[in-house]
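Q: Structure provided below as C-alpha cells; questions to follow.
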Amino acid sequence: MADLFPAGEGPASSDADQALGARLVEAAADGRPLRVKLGIDPTGSDIHLGHSILFRKLRAFQDAGHTAVLIIGDFTARIGDPTGKSSTRVQLTAEQVEANATTYLQQLGQGQDPAHALVDFDTPGRLEVRRNSEWLAALNLPQVIELLATSTVGQMLAKEDFAKRYGSGTPIVLHEFLYPLLQGYDSVAVRADIELGGTDQKFNVAMGRDLQRHWRQRPQFGLLLPILPGLDGVQKMSKSLGNTVGLSEDPLSMYSKLEKVPDAVVDDYLTLLTDLDLAALPANPRQRQKAMALEVTRARHGLAAAQQAQLDAATLVGGAAGAGAADAEVPEASLAAVNFPARAFYLLSAVGVCASSSEARRQIQGGGVRLDGQKLADANQEFASAAELDGKVLQLGKRTFRRLVMP
RNA sequence: GGGUCGGUGCCCGAGUGGUUAAUGGGGGCGGACUGUAAAUCCGCUGGCUCUGCCUACGUUGGUUCAAAUCCAACCCGGCCCA
C-alpha cells in the first residue's frame, strides 16, 4: 500500500485519505481488487508527461493487485471536455477518434516491451480497456433525460469554466453540459471504486459520485492528482498550449526540453514524474535540472539512451555545435521528398524543419540556420544534389537538429 | 421570433474608400547575453524552389478607376425582449 502514496501523502493525514485507506483495507479483507477508473479522451495523437502522472498512479494500483479500468472516451471525445477550455471544442469524427485511441494504447505500452510500458498490459486481471461508446451510444432519450434531471443549471454554472465563459459572454453550447454527466455515468457503467484524475477534474469526478448514488452504487473515491506544469513553468502541460513533452518523443528532444524547464518547477517534475529522493540531489539548480531530465528520459527510454541524449545535448547545444554534430546521435530527416536542385529555403520546408518555405526564408535571414555548424547566410543558396547534403546536420535554432540522409 | 451590437491574421484588438499582407499588444520563433533558462535588448511572425507571383479582413453578390472600410442578402455569435 505504501507505494500508492507518494512522499508526504500518508494515508492517515486527512479524512479523505482515511476513506481511501479504509477501502484498501476492506478490499484486502474481501480479497476483491478495487476497480480504479481512469478516463482519457482520444482527442489528440500524443500522450505527454502531464498524463503520465495519472498513469504512474494507475500503475501503482495495478502493481498492488487492483484492476485498472482504462476508459477510452471515444464517445465523449466527440463532445469535448469543457474543462479548462475557453471555447467550444471542435468536434471530431469517429475515424479520427479511433485512430487516436490506437496510438494512445501504443504509447502506453500495448504490445511493447513491458519494461518501458507505462501500464501493465500483461498481468491477467489487472487491466480492463473500455470504450465509453459501449454504453453511451446506446442511451435512449428517456435515459438521457434521467441523466439530465440529476443536476441543475445552477450546479453546472458553478463549474469554473462554465462560469467564466458565461460571465464573459463566450458561448456555451448546450451539449457541453452533458459532458460532466457522461463522464460521471462512465463511473456508474464500470462500477468504479476509485477514479483518478487531475485536480481540474474535481467537478467531473464529483459528478460521478452523485450519479453512482443516484443509481444506488457506492460512490467512488476521487483521487485527484496535481497538474504538471508545462515547459513554460506557468500553465499546465497541455497540447494546445504547446508546452508538452510527448511520451513518444526521441530521447534527445525529450532530454533537451526537460533540462531547460524553469528552476521553479524542477522539483515538481521530480516529485510528480520520478521516484528520486529530492534531498539526495545536488542543490545547484543546473545540476538538478540535468538529474531530473536524465531520470525522466531514462524511465522512458532506458539508461543508455538517456545518457547518450545527455551527451549529445551537451555537444550540440553547448557552443561548439560544429565539432560535436558530426558524431552525435541526431534524428534523421530523409531527403526523399526533396526535388533537386534545391534552394536553401525550400530545402528546410521540404525536409520538415520549417513549417513553410516562407518561414524557412525568414529563419535563414534571421541567422538561425546552420549546416554542419556553419551558418547559412543566403536563403537562395542552391544545392545541386542529395549527395552533396547526405550525412550533414541541419540545425535550426538551439534545439532542432536533423541529420540529412539519402533515401 | 423581435430589437440591438458585433464577426479582422495563432489569440486579443486597431483600422470606416485610395501607397502597404493591414497599427498595437500577447504568444511563438530566431539572434545577443546567461548556468540551459528567466529578465533585458534586437529581429521575424500569410503562402509559393521567390528578385516575381498568388491568397487574405464571416459568406455571396453589388456600387466604384479603387473596399477590410459603402450597399444587399445570407450565415454565425453576445446582450435585451418574447
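Q: Can you give the accessible area of A:Lys164, probe radius 1.4 Å, in Å² rounded to 10?
A: Accessible surface of A:Lys164 is approximately 130 Å².
Q: With N denoting the number of residues in the stretch A:236-284, provide Rg(C-alpha) divided by 2.2 N^0.38 Å, to two decimal places.
A: Scaled against compact globular proteins, the figure is 1.23.
Q: Now a separate question. Excluding ligands, DNA and RNA, what is the solvent-accessible area per residue of the stretch A:140-276 at a probe of 1.4 Å, expressed in Å²?
A: The answer is 46 Å² per residue.
Q: For the peptides A:123-129, A:245-251, what is the packing order when you average, over each peptide's residues, the other Cβ atoms within 10 Å and list the highest mean first?
A: Output ranking for A:123-129, A:245-251: A:245-251, A:123-129.
Q: Further question on the same structure: How much length would be gained if the chain were fully extended between A:Asp232 and A:Val153, taking 0.36 nm per residue of separation minus their Cα-Cα distance, in nm to one decimal?
A: The A:Asp232-A:Val153 span can extend by a further 24.9 nm.
Q: Starting from the Cα of A:Ala29, step 7 Å along the direction of its Cβ; do the same at A:Ser248; then give the gap between the two resulting points in nm.
A: The modelled label-to-label distance comes out at 4.6 nm.
Q: May I pose another question? Enter the accessible area of A:His301 (Å², nearest 10), with the probe set to 1.4 Å and all protein chains included.
A: 50
Q: Next up: Mind checking which of A:Gln289, A:Gly391, A:Ala314 is farthest towards the positive end of the stretch A:278-407's charge dipole, using Cβ charges of +1 (Lys, Arg) and -1 (Asp, Glu) about the Cα centre?
A: A:Gln289
Q: Something else about it: I need the semi-axes of the equivalent ellipsoid of the stretch A:117-232: take the C-alpha gyration tensor, multiply each eigenvalue by 5, square-root it, list largest first in whole angstrom.
A: For the stretch A:117-232, the ellipsoid semi-axes come out as 26, 21, 13 Å.
Q: Now, a different point. Can you give me the angle between helix A:15-30 and the longest principal axis of chain A, using Cα atoms only, in degrees from 0 to 90, rounded to the nearest 10?
A: 80
Q: While we're looking at this one, here's another question. Tell me, what is a quarter of the convex hull surface for the C-alpha atoms of the stretch A:200-244, in nm² with one decimal?
A: 3.7
Q: For the residue pair A:Gln307 and A:Leu276, what label-to-label distance in nm results when each label sits 7 Å from Cα along the Cα-to-beta-carbon direction?
A: For A:Gln307 paired with A:Leu276, the spin-label model returns 1.6 nm.
Q: Taking N as the number of residues in the stretch A:285-407, what is its alpha-carbon radius of gyration divided by 2.2 N^0.38 Å?
A: Against the empirical 2.2 N^0.38 Å value, I get 1.14 for the stretch A:285-407.
Q: Same structure again: Taking only Cα atoms of the stretch A:253-320, what ratio of Rg to Rh do you get with Rh as the Kirkwood inverse-distance radius?
A: 0.95
Q: Dipole size in debye (nearest 20) for the stretch A:120-207 around its Cα centre, Lys and Arg Cβ +1, Asp and Glu Cβ -1?
A: 260
Q: Please give the peptides A:360-372, A:179-191 ranked by average Cβ packing (other Cβ atoms within 10 Å per residue), highest first, as a rough proxy for protection.
A: In decreasing order of mean packing, A:360-372, A:179-191 become A:179-191, A:360-372.
Q: Hey, another quick one. Starting from 0.36 nm per residue, how many nanometres of slack lie between A:Gln287 and A:Thr123 once their C-alpha separation is accounted for?
A: Taking A:Gln287 through A:Thr123 to full extension adds about 55.2 nm, to one decimal.
Q: Any chance you could give the angle, 0 to 90 degrees and rounded to 10, that helix A:178-190 forms with the longest Cα principal axis of chain A?
A: The two axes meet at around 70 degrees.
Q: Turning to a different aspect of this structure: Rounded to two decimal places and with Rh computed the Kirkwood way over Cα pairs, what is Rg over Rh for chain A?
A: Expressed as Rg/Rh, it is 1.02.
Q: May I ask you to list the lysines whose Cα is less than 19 Å away from that of A:Lys392, ignoring any residue fewer than eight positions away on the same chain?
A: Once the sequence-local lysines are set aside, what remains near A:Lys392 is A:Lys375.
Q: Quick one: dipole size for the stretch A:128-270, taken about the Cα centre, charges +1 on Lys/Arg Cβ and -1 on Asp/Glu Cβ, in debye to the nearest 20.
A: Its charge dipole is roughly 520 debye.
Q: So for the stretch A:127-263, if I pair up every lysine 8 or more residues apart or on another chain, how many of those pairs have alpha-carbons under 17 Å apart?
A: Within the stretch A:127-263, the lysine pair count is 6.
Q: Something else about it: Tell me the label-point distance for the pair A:Arg213, A:Asp263, using the 7 Å Cα-to-Cβ offset, in nm and rounded to one decimal.
A: 4.7
Q: With springs only between Cα atoms under 10 Å apart, run a GNM on chain A and tell me which of A:Ala77, A:Ala344, A:Ala313 wobbles the most.
A: A:Ala344
Q: How far is helix A:49-63 tilted, in degrees, relative to the longest principal axis of the Cα atoms in chain A, given as a value from 0 to 90 rounded to the nearest 10?
A: 50
Q: While we're looking at this one, here's another question. Expected output is a single nm value to one decimal: the length gained when fully extending between A:Asn339 and A:Thr102, i.e. 0.36 nm times separation in residues minus the C-alpha distance. What is it?
A: Taking A:Asn339 through A:Thr102 to full extension adds about 81.9 nm, to one decimal.
Q: Antiparallel versus total DSSP beta bridges in chain A: what percent is that, nearest 5?
A: Percentage antiparallel, nearest 5: 35.
Q: Once the whole set of protein chains is in place, how much accessible area is left on A:Ser357, using a 1.4 Å probe, in Å² to the nearest 10?
A: Ignoring ligands and nucleic acids, A:Ser357 comes out at about 40 Å².
Q: Please state the charge dipole magnitude for chain A, taken about the Cα centre, from unit charges on C-beta atoms (+1 on K and R, -1 on D and E), reported in debye and rounded to the nearest 20.
A: Value, rounded to 20: 720 debye.
Q: While we're looking at this one, here's another question. Share of chain A's accessible area from carbon and sulfur, percent, 1.4 Å?
A: That fraction is 53 percent.
The values are calculated or read from the model by the stated rules, or taken from the named source; none is laboratory data. The structure displayed is predicted, hence computed values, not measured ones. Glycine also receives a Cβ, built like all others from the backbone with ideal geometry; neighbour counts cover every protein chain displayed. Side chains included, ligands, DNA and RNA excluded: accessible areas come from the protein's heavy atoms. Shrake-Rupley method; radii C 1.70, N 1.55, O 1.52, S 1.80 Å.
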